[in-house]
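Visitor: Sharing a structure here in structure tokens format.
The values are calculated or read from the model by the stated rules, or taken from the named source; none is laboratory data. Remember, it's a predicted structure, so these values are computed and weren't measured experimentally. Positions of Cβ are generated from backbone atoms using ideal geometry, with glycine treated the same way; all protein chains shown enter the neighbour counts.
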């Protein structure tokens, strides 16, 4: 009787094994999927948040940088426009300069530009003359100082000696100095004429060196010639 019961229990256990295995497998998959999905969602949320905030921060920084550059350029242009004042007429076309009347604002700028070009050429000629004479601007200035003092009192022997010594130091003769002096005075006279015409065209005289440089750069693009 006992052997029969044991055999029946063994058979029942064998028949139940497949169902138990399936149940354990499902339970394992459930835990695995649950843990896997849980970890996946957690990491995804963290990375997404970091990426979003990082990009937003960078975007804000770049936007601020571009705005700063734009504002700086705008202020610079506005400052130059204000400094030029009436000289903003230099923005006119080349054709407008070609047909400008002498008394118009564009005509005044044209007269200044032509006079300034002459002054620039005269200054270049003077510098070339210094080089040709084998002397320097500093030496020329020393001789001119001694020369001017002598002109005020031509009979003073001390001033005569000073002038002669200055010529020797500069490597010049009285004749070569006179040639340089003529070139220098021509350059100075024409520079003063150009400055006078610039002040006449401006409503904000005296014109600063920076403003003059900006004006000259604009006028140089207008193909201005004497009629």
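Visitor: Of all residues in segment 216-225 being closer than 13 Å to residue 117 by Cα and touching a helix residue (DSSP H, G or I) at 6+ places or on another chain (Cβ under 6 Å), which is surrounded by the fewest Cβ atoms within 10 Å (Cβ to Cβ)?
Guide: 223
Visitor: Turning to a different aspect of this structure: Which of the residues spanning segment 107-118 are surrounded by fewer than 20 Cβ atoms within 10 Å (Cβ to Cβ) and either closer than 20 Å to residue 185 by Cα or within 28 Å of the chain's Cα centre (by Cα) (or both)?
Guide: 114, 115, 117, 118 - these are the residues of segment 107-118 that are surrounded by fewer than 20 Cβ atoms within 10 Å (Cβ to Cβ) and either closer than 20 Å to residue 185 by Cα or within 28 Å of the chain's Cα centre (by Cα) (or both).
Visitor: Determine whether residue 190 is crowded, with 18+ Cβ neighbours inside 10 Å and in contact (Cβ under 8 Å) with a residue 60 or more places away in the chain.
Guide: yes
Visitor: Now a separate question. Being over 13 Å from residue 222 (Cα atoms) and either in a helix (DSSP H, G or I) or at pLDDT below 95 (or both) is the filter here; which residues of segment 88-101 pass it?
Guide: Correct list: 88 only.
Visitor: Quick check on segment 93-114: of everything there that is touching a helix residue (DSSP H, G or I) at 6+ places or on another chain (Cβ under 8 Å) and without any contact (Cβ under 8 Å) to a residue 12 or more places away in the chain, which residue is nearest to residue 197 (Cα to Cα)?
Guide: 102
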